[in-house]
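Here is the structure we will look at.
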Amino acid sequence: MARRVGATVIGTGSPAAADVARGLGAHEFIDLTDGKDLRRFGRPDVVFDTIGGDALARSTSAVAPGGRLISIVAPPPAIDHASDIVFVVEPDRVQLAQIAELVDRGDLTPHIAAEFALGDGQEAFRSKQRGLYGKVVLVP
């Protein structure tokens, strides 16, 4: 979605996530396990965190002055040089409808990591804990 509006997208994660991130549109990828500086491609205006923990803490020094740090996992720590820090708590109905429209038109394709029968909900939940990248779908 960021790429749709002209953003340069830099994915981060473990090496196993690199191909998935690039497949979803990342221009570059940073391996979070190598201990290197997150700023090797510059300081981004927006950091969107979906990992939390150490990755979120490291992101505070990466975001550009006046930039934004957004996390859907935990409230970001305070940073003096960012103009806005947002913690996404609840989905927005209008935005979800807009996303559904993009999916319906074929402009956005969710990455489905695995499908499970509805009766296998517990196994589906455990699969996410094993680090699958993408959505886990329950089907009737």
| note | In this structure, the FRET efficiency calculated for Phe41 and Val73 from their beta-carbon separation, with R0 = 25 Å, to the nearest 0.05, is 0.65
| For the chain: accessible area per residue (Å², 1.4 Å) | 67
| request: Mind ranking Arg4, Arg130, Arg93 by accessible surface for me, highest first, 1.4 Å probe? | output: Arg93, Arg130, Arg4
| What number, rounded to the nearest 500 deg cm²/dmol, is the helix-based mean residue ellipticity at 222 nm of the chain, given -39500 (n - 2.57) per DSSP H run of at least four residues and division by all its residues? | -8000 deg cm²/dmol
| message | If I model a spin label as a point 7 Å beyond the Cα along the Cα-Cβ vector, how far apart are those points for Ala113 and Gln95 in nm? | response | 2.2
| task | May I ask you to give the average projected area over all directions of the convex hull of the Cα atoms of the range 12-140, in nm² rounded to one decimal? | result | 9.4
| said: In whole percent, and with a 1.4 Å probe on the protein chains, what portion of the accessible area of the chain is carbon and sulfur? | reply: 54
| query | Using a 1.4 angstrom probe with every protein chain in place, what is the largest-first accessible-area order of Lys135, Lys128? | reply | Lys135, Lys128
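The values are calculated or read from the model by the stated rules, or taken from the named source; none is laboratory data. Fair warning: this is a prediction, and the values are worked out from it, not measured in the lab. Cβ: placed from backbone, ideal geometry, glycine included. Neighbour counts: every protein chain shown. The accessibility values were calculated without ligands, DNA or RNA, using every heavy atom of the protein model including side chains. Shrake-Rupley method; radii C 1.70, N 1.55, O 1.52, S 1.80 Å.
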